[in-house]
Amino acid sequence: MSNDISRSRRQLIRATATAGALAAIGAPLFAQGTPLVFKWANNIPTTHPSNIRVREAAEAVKKESGGRVEIQIFPNNQLGGDTDMLSQVRSGAIDIFPLSGLILQTLVPLAGINGLAFAFKDYDTVWKAMDGDLGAFIREAIAKVTLHSFDRILDNGFRNITSSTKPINTAEDLKGFKIRVPVSPLWTSMFKAFGAAPTGINFSEVYSALQTKVVEGQENPLAIIEIAKLFEVQKFLSMTGHMWDGQWILVNGRRWAGTPAEVQGLLNKHVTAAVMSQRDDIKQLNLGLEKTLRDKGMVLNTPDGRSFRDVLAKAGFYEEWRGKFGADAMARLEKYSGRLG
């Protein structure tokens, strides 16, 4: 009799355990625990494709997690300028922050390498490099300062110069030209090599700096020029295409390390999808922006890039940065760009 009771107990325990395992398999992946909230801040206007796509990613993450994972978005410099937000993501006050590699360069010197003037001739070359071994090499450097970066970089575009005073047709036109640049060593170095007078100003202050004539001009991708309404305070748009710029999506390293693997996978999935859609958005947007900006009253011109490259080479710009980035990094870049300088 006692054997029958013991056997029945063992069968009941096995049945209960099996039922529990099956229930766990069928349960929603994010059903347990405190909801996870990620604070995502950026410097981009709300109507820019970057913010449109990240809002879609946030909605998808919340839906797939059953509301257990949430991304809160703070666009358009709501939480400060670039340098301030970089400090906040390092301290953990912000969880996720997309930032130009050339501004990140103040913390991770290698991160600015994609911004070397005239390194990329077209988008095909950009994505081969940045989605390939050059991008992987940069992400390794970013990880060393306790920041995680997603595998795919957002497109910020090829940059062009605007001015309130004159078109920029050759490198000679930049001599003495008062131009706003982001707070980045490479930008400052490049425009000094042209003989210009660069001033580092965070993007949140660019419109007012142009409006009050603190600087004559600035440089940015077409989408930023249009969305930020810089055409209201700038007359000339010179299609120099002097550098390509992207934004690494940075995450506080401690927060990422403490995030469950399934949540990391969810974020990777939807952030990557958002980035790839954003890249296509920028491509399509650029197709019509030249006409749009002309219609807004800007005068466009397309300079010959040779005079700019020649001046930079003669000024020792490329050799200076070859020494700073190192032979290994430059070899990875020049695999795609060809020899620079």
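State which residue is surrounded by the most Cβ atoms within 10 Å (Cβ to Cβ) when the search covers only segment 295-314 and only residues that are over 23 Å from Phe194 (Cα atoms) and either in contact (Cβ under 8 Å) with a residue 60 or more places away in the chain or under 27 Å from the mean Cα position of the chain (by Cα) (or both). So, considering only residues that are over 23 Å from Phe194 (Cα atoms) and either in contact (Cβ under 8 Å) with a residue 60 or more places away in the chain or under 27 Å from the mean Cα position of the chain (by Cα) (or both), the one surrounded by the most Cβ atoms within 10 Å (Cβ to Cβ) is Met298. Residues considered: Leu300, Leu312. Of these, the only one that is of a type in the set (A, V, I, L, M) and in a helix (DSSP H, G or I) is Leu312. Of all the residues in segment 212-232, those that are buried (at least 19 other Cβ atoms within 10 Å of the Cβ), within 21 Å of Phe191 (Cα to Cα) and among the hydrophobic types (A, V, I, L, M, F, W, C) number 5. Going through segment 327-341 one residue at a time, which ones are touching a residue at least 60 places away in the same chain (Cβ under 8 Å) and either assigned to a loop (DSSP other than H, G, I, E, B) or under 29 Å from Lys229 (Cα atoms) (or both)? Passing the criteria: only Leu340. The strands (runs of 3 or more DSSP E) found entirely in segment 120-201 that carry 1 or more residues being without any contact (Cβ under 8 Å) to a residue 60 or more places away in the chain and more than 21 Å from Ser337 (Cα to Cα) are 178-181, 197-200. Residue count for segment 190-200 under the criterion of being surrounded by fewer than 20 Cβ atoms within 10 Å (Cβ to Cβ) and within 23 Å of the chain's Cα centre (by Cα): the result is 2. Looking at Leu287, is it without any contact (Cβ under 8 Å) to a residue 40 or more places away in the chain and either loosely packed, with under 12 Cβ neighbours inside 10 Å or assigned to a strand (DSSP E or B) (or both)? Yes.
Bear in mind these aren't lab numbers, they're just calculated from the coordinates by the rules spelled out. Please read all numbers here as calculations on a predicted model, not as lab measurements. Quick reminder, even Gly has a Cβ in these numbers, built from the backbone with ideal geometry, and neighbours come from all protein chains shown.
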